[in-house]
Amino acid sequence: MGRQDVGFRARLSLRAERQIKLMRALRKSLELRRVADRTRAIRPGMILAFTTLRNERLRLPYFLRYYRDLGVGHFLMVDNGSDDGSGEYLGAQEDVSLWRTGGSYRRSGFGVDWLNHLQWRYGAGHWTLVVDPDEFLVYPFCDTRPLPALTGWLDEAGRRSFGAMLLDMYPKGPLGAQPYAEGQDPFEIARWFDAGNLCISHNPRYRNLWIQGGVRMRRFFADRPGAAPALNKTPLVRWTRKYAYVSSTHALLPRGLNQVHDRSGGEQASGVLLHAKFLDTLLPRAQEEARRAEHYGGGREYAAYAEGLDGAADLWCDWSTEYINWRQLEILGLMSKGDWA
Amino acid sequence: MSAQTAPLGIIMLCHTALERAAAVARFWADAGCPVVIHLDRAAPEAEAEAMRAALAHLPHLRFSPRHRCAWGSWSLVQATQEAAALLLRDFPGVGHVCLTSGACLPLRPAAEMIDWLAAREGVDFIESVAVEDVVWTVGGLSQERFTRWFPFDWRRQRWLFDRAVDLQRRLGLQREVPRPLQPHLGSQWWCLSRTTLEAILSDPKRKRYERYFRQVWIPDEAYFQTLVRQHARRIESRALTLVKFDGNGRPHLFYDDHLQLLRRSDCFLARKIWPQADRLYDYFLSDQPARAAPVNPQPGRIHRHFSRAERQRREGRAGLYMQSRFPHGHVPQGKTAAPYSVLCGFAELHPGFDRWLSDVARLRVHGHLYDPRRVMFSGGARVYNGALSDSAALRDYNPRMFLTNLIWNTRGERQCLQYGPADAVDGALEWFMATDPNAHIAVIAGAWAVPLFQRGADAGDLRDELAMLQKREQAFLWALRSPHVRARVRIWSLAEYLDTPQAAMAEVLAEIAPRAAAAPPPPMIALDGFGAFLARARDIGLPLVELADYPHTEAPARPVRKARE
């Protein structure tokens with residue numbers, strides 16, 4: 001009896017956690033103020049992108065273009081108190097619905113509660129993609145097959161979620177040396193990544209993999225690896241009203257959605273979120289975010305960047321790998337085609 | 001109506017992406033082929049109406065009575081029968097009938113297929129394999145498809161379906177296959193000659209067969225495949241339609257990037273095509289295939305392309321730990337990506353051993369990768385392949401992944417590393433290596449004591465350290481001597497090794513670099529006084545297990561050989 005009992009209890013507690021999460025999302029939705037509601041343009045079968053942002057005006061044009069080209073049909077965005085014109089810019093986009101909030105990013109589970117609510121409200125029955133403005137999804141065959149090809153295949157295969165790990169990209173030379181210009185592909189600058197230094201462990205509670213590593217762990221957390229940020233993400237989900245993200249897009253409930261990996265030796269199809277964080281735009285930001293302490297772990301991540309990224313710091317090393325395309329990431333084993341041929 | 005049609009008639013079973021299906025229908029009609037379209041009753045009325053309107057002007061095109069066709073249901077056969085009867089009746093010039101779906105795409109000019117079939121009059125192209133010899137069925141039902149009842153839908157009522165099969169097995173309920181039928185299975189996409197098809201449709205026992213086949217599981221893969229064996233004069237048991245199935249029995253989709261692959265197919269049609277694959281539809285429905293320089297068919301390439309994908313899904317790449325492959329426990333593919341050597345005690349006895357080995361074996365040889373201070377990569381590198389850091393904290397955070405990362409990152413280049421009890425040892429890592437068939441572990445047991453002896457201190461002062469290192473070594477050796485070991489393990493006691501160092505070294509080298517086996521041995525450090533050091537340790541109450549056979553007095557020049565179990 002003991003064993004089953006434990007399983008039953010764990011299931012009950014996860015169920016409670018999920019319902020609390022959903023209730024929270026409903027409560028936190030009171031903080032959202034509608035700026036531009038174009039959700040009536042959402043058609044059945046459309047792929048929807050959900051994003052929280054703050055002061056990302058410079059990056060937005062390329063971000064929107066990238067995902068429009070992939071086949072995202074509508075963007076649902078939460079502007080967390082931008083004062084750089086991000087709100088005005090997004091408000092003028094035909095395929096963007098925008099909400100604004102002055103609420104605390106930290107106290108809304110780092111944006112999860114707001115987005116959980118929007119997904120609950122608008123995402124059910126759609127494939128939903130939750131990405132930050134500096135995350136760019138790369139998946140097998142993304143140069144020839146748009147996102148609807150992937151979601152169609154996932155539907156056929158009976159899969160409800162698709163994993164895409166964060167891959168931190170960085171430039172060669174000091175961050176400040178190559179300024180990012182509006183509309184530019186950030187990976188013209190941040191072209192390098194760490195190809196083979198990930199640490200992975202299995203988390204039995206959520207049944208997801210906890211992945212750490214990459215340049216952030218190598219450079220900023222070498223003395224306290226446990227504090228290094230998680231890289232595992234499940235950003236693409238065929239949403240229903242019963243689902244909820246638990247912490248950022250690292251874990252979902254019900255936990256079956258987290259099983260985007262194979263445990264018996266095979267490979268499931270997976271993608272990568274290229275992370276364009278390490279650009280010159282991070283330098284002033286790191287100071288500010290470290291002070292605001294609104295990010296995960298009380299902003300300690302940003303504190304580490306603020307310390308480690310004085311003007312001349314170079315993240316590049318002799319064994320950095322230069323990004324070419326998804327096939328390269330596939331061969332390196334950072335993502336997999338699985339049986340999508 | 002005019003009888004001047006091409007001798008090839010096409011049946012199209014359509015249910016979604018009707019615009020694409022209409023384009024394909026036009027392709028056949030333009031080549032003079034009569035077409036009969038079956039529109040699934042589940043298709044949205046507006047789309048169906050649009051399709052009918054778009055094709056209404058074509059003289060040799062008919063729509064057959066509509067049925068709702070669930071996957072693997074009898075209605076699929078019924079729809080096919082009715083469409084075939086209509087086609088044969090209205091177009092007497094038809095010599096061959098090809099059954100296609102709305103998601104099929106012709107890969108070669110229609111004229112080429114017409115000519116090809118005209119030269120093979122009366123031949124039936126249908127995959128029809130005796131059920132005893134079928135190896136591809138997913139789910140394990142092949143023979144039983146014909147001998148059980150299937151009242152429940154496999155896709156929607158899986159639980160009931162399985163229980164019903166179980167129950168019949170337990171009760172031994174079986175149906176008779178009507179004589180003289182021999183159950184055969186095969187792809188549901190066929191191309192039959194008029195005579196055979198007419199014979200099947202006008203078989204005097206057709207009613208009886210139908211009653212039987214209504215209860216067969218997935219009759220669209222069995223009805224024509226079985227009956228053709230009664231009526232055909234000459235069967236070529238292969239499909240003219242290329243279909244590749246995945247491990248779950250679903251057809252792989254073809255996308256734009258498969259264009260070159262499909263051009264090299266030896267089939268006339270392919271399914272399933274992703275409806276938005278514009279490039280494929282534009283290319284194959286245009287006159288481009290007719291104008292393009294002929295290419296050699298290489299069906300093997302297509303086959304390899306998809307079977308590789310299946311293997312990647314099922315087996316994955318050995319030694320890869322990543323976000324969508326994280327094997328748990330033993331998997332037959334192995335735990336690491338390539339063979340590697342773990343050398344224990346050699347560096348302690350031979351000064352400059354890693355450099356020496358790297359010279360004779362022409363490899364980059366690491367020092368103690370698990371040194372507590374920092375990772376001793378070959379050449380003292382601060383970062384290594386894949387941007388592995390030399391930080392001890394990062395390595396010790398996940399020692400196992402440090403090893404698997406290193407082996408994966410350096411695929412194609414054999415890794416040799418030093419290891420010993422003075423390292424930052426980790427029981428899980430040691431067990432992992434011991435049970436890894438790729439690990440080649442060579443241990444000179446007790447050699448770890450030599451660096452302590454070299455410090456020149458009295459054994460009494462080093463007691464705690466000696467005891468700790470010995471305990472750690474014992475734990476490692478215990479793992480290496482366990483019956484579950486999969487690694488290739490060699491253990492010498494220090495005395496044994498010193499007895500015949502060259503032979504032992506040759507054994508190790510034979511694996512790492514066979515051609516270097518005859519290299520001159522590396523220099524050895526002087527061990528004068530080591531025996532006395534050990535004797536002192538023994539006398540203060542610390543017996544050294546693996547060093548018990550080392551001569552404790554310097555008198556005998558050669559150590560006594562210990563018999564090994």
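The values are calculated or read from the model by the stated rules, or taken from the named source; none is laboratory data. Note that the coordinates shown come from a computational prediction; the quantities given were computed from them, not determined experimentally. A quick note on method: Cβ atoms are made from the backbone with ideal geometry, for glycine too, and the neighbour counts reach across all protein chains shown.
Numerical summary
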read-out	value
Tally, over segment B:304-323, of residues that are part of a helix (DSSP H, G or I) and within 7 Å of another protein chain (Cβ to nearest Cβ)	7
One residue from B:Ala277, B:Ala290, B:Ala361 being more than 30 Å from B:Pro437 (Cβ to Cβ) and either more than 11 Å from chain A (Cβ to nearest Cβ) or among the charged types (D, E, K, R) (or both)	B:Ala290
Filter result for the condition that a residue is in contact with a helix residue (DSSP H, G or I) (Cβ under 7 Å, 6 or more places away or on another chain) and aliphatic (A, V, I, L, M), over A:Val112, A:Val96	A:Val96
Only listed residue being under 30 Å from B:Ala361 (Cβ atoms) and not in a helix (DSSP H, G or I), chosen from B:Ala447, B:Ala457, B:Ala479, B:Ala428	B:Ala447
Qualifying positions in segment A:135-153 - at the interface with chain B (Cβ under 8 Å from one of its Cβ atoms) and among the polar types (S, T, N, Q)	A:Thr144
Residue pairs meeting the criteria (Cβ under 6 Å; at least 6 apart or on separate chains; first over 14 Å from A:Arg219 (Cα atoms), in segment A:169-193; second assigned to a helix (DSSP H, G or I) and aromatic (Phe, Trp, Tyr))	A:Gly183/A:Tyr62
Matching residues in segment B:373-382 - criterion: being touching a strand residue (DSSP E or B) at 6+ places or on another chain (Cβ under 6 Å) and among the aliphatic types (A, V, I, L, M)	B:Met376
Any hit, segment B:45-54, residues being touching a Ser or Thr at 6+ places or on another chain (Cβ under 9 Å) and crowded, with 22+ Cβ neighbours inside 10 Å	no
Flag for B:Ala535 being over 16 Å from B:Pro501 (Cβ atoms), among the hydrophobic types (A, V, I, L, M, F, W, C) and modelled with pLDDT of 85 or more	yes
Residue selected from segment A:263-288 under the condition in contact with a Leu (Cβ under 9 Å, 6 or more places away or on another chain) and of a type in the set (Asp, Glu), by the criterion nearest to the other protein chains (Cβ to nearest Cβ)	A:Glu267
Meets criteria (touching a residue at least 60 places away in the same chain (Cβ under 8 Å) and surrounded by fewer than 13 Cβ atoms within 10 Å (Cβ to Cβ)) for B:Arg155	yes
Boolean, A:Gly183 is over 23 Å from B:Ser391 (Cβ atoms) and either more than 10 Å from chain B (Cβ to nearest Cβ) or buried (at least 20 other Cβ atoms within 10 Å of the Cβ) (or both)	yes
Where B:Gly102 falls short, out of the listed (1) within 21 Å of B:Ala222 (Cα to Cα); (2) surrounded by fewer than 19 Cβ atoms within 10 Å (Cβ to Cβ)	(2)
Extreme residue, farthest from the other protein chains (Cβ to nearest Cβ), among residues of segment A:154-174 that are surrounded by 21 or more Cβ atoms within 10 Å (Cβ to Cβ) and touching a Phe, Trp or Tyr at 6+ places or on another chain (Cβ under 6 Å)	A:Met169
Index of the failed condition, B:Leu343 passing every other in (1) farther than 26 Å from B:Asp436 by Cα; (2) part of a strand (DSSP E or B); (3) not β-branched (Val, Ile, Thr)	(1)
Residue under evaluation B:Leu167, criteria (1) within 14 Å of chain A (Cβ to nearest Cβ); (2) of a type in the set (A, V, I, L, M); (3) surrounded by fewer than 16 Cβ atoms within 10 Å (Cβ to Cβ), criterion not met	(1)
Residues being more than 10 Å from every other protein chain (Cβ to nearest Cβ) and in contact (Cβ under 8 Å) with a residue 12 or more places away in the chain - total across segment A:194-208	4
Some residue of segment B:210-219 being among the aliphatic types (A, V, I, L, M) and either part of a helix (DSSP H, G or I) or touching a Lys or Arg at 6+ places or on another chain (Cβ under 8 Å) (or both)	yes
In segment B:324-333, the residues that are of a type in the set (Gly, Ala, Ser) and either facing chain A (nearest Cβ under 7 Å) or farther than 17 Å from B:Asp436 by Cα (or both)	B:Ser324
Residue in segment A:116-133 that is at pLDDT 95 or above, part of a helix (DSSP H, G or I), surrounded by fewer than 23 Cβ atoms within 10 Å (Cβ to Cβ) and facing chain B (nearest Cβ under 9 Å) present	no
Residue that is surrounded by the most Cβ atoms within 10 Å (Cβ to Cβ), among those in segment B:8-26 that are β-branched (Val, Ile, Thr) and more than 14 Å from B:Asp278 (Cα to Cα)	B:Ile10
Residue that is farthest from A:Ala124 (Cα to Cα), among those in segment A:215-262 that are out of contact with any helix residue (DSSP H, G or I) (no Cβ under 9 Å at 6 or more places or on another chain) and facing chain B (nearest Cβ under 8 Å)	A:His261
Verdict on B:Ala449 being surrounded by fewer than 20 Cβ atoms within 10 Å (Cβ to Cβ) and modelled with pLDDT under 95	no
Scan of segment B:346-387 for residues that are surrounded by fewer than 19 Cβ atoms within 10 Å (Cβ to Cβ), more than 39 Å from the chain's Cα centre (by Cα) and assigned to a helix (DSSP H, G or I), ordered by number	B:Arg355
From B:Gln260, B:Gln288, B:Gln188, residue being crowded, with 16+ Cβ neighbours inside 10 Å, at negative phi and not small (Gly, Ala, Ser)	B:Gln188
Residues (modelled with pLDDT of 90 or more and in contact with a helix residue (DSSP H, G or I) (Cβ under 7 Å, 6 or more places away or on another chain)) located in segment B:245-257	B:His252, B:Leu253, B:Phe254, B:Tyr255, B:Asp256
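To keep it simple, each residue is scored yes or no on (1) among the small types (Gly, Ala, Ser); (2) assigned to a helix (DSSP H, G or I); (3) more than 26 Å from B:Ser358 (Cβ to Cβ); (4) in contact with a strand residue (DSSP E or B) (Cβ under 9 Å, 6 or more places away or on another chain).
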{"residue": "B:Tyr497", "(1), (2), (3), (4)": "no, yes, no, yes"}
{"residue": "B:Gln502", "(1), (2), (3), (4)": "no, yes, no, no"}
{"residue": "B:Glu507", "(1), (2), (3), (4)": "no, yes, no, yes"}
{"residue": "B:Ile525", "(1), (2), (3), (4)": "no, no, no, no"}
{"residue": "B:Phe533", "(1), (2), (3), (4)": "no, yes, yes, no"}
{"residue": "B:Ala537", "(1), (2), (3), (4)": "yes, yes, yes, no"}
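Conditions tested, residue by residue: (1) more than 27 Å from B:Gln215 (Cβ to Cβ); (2) within 41 Å of the chain's Cα centre (by Cα).
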site	(1), (2)
B:Trp71	no, yes
B:Gln81	no, yes
B:Leu86	no, no
B:Arg89	yes, no
B:His96	yes, yes
B:Pro106	yes, yes
B:Ala111	yes, yes
B:Asp115	yes, yes
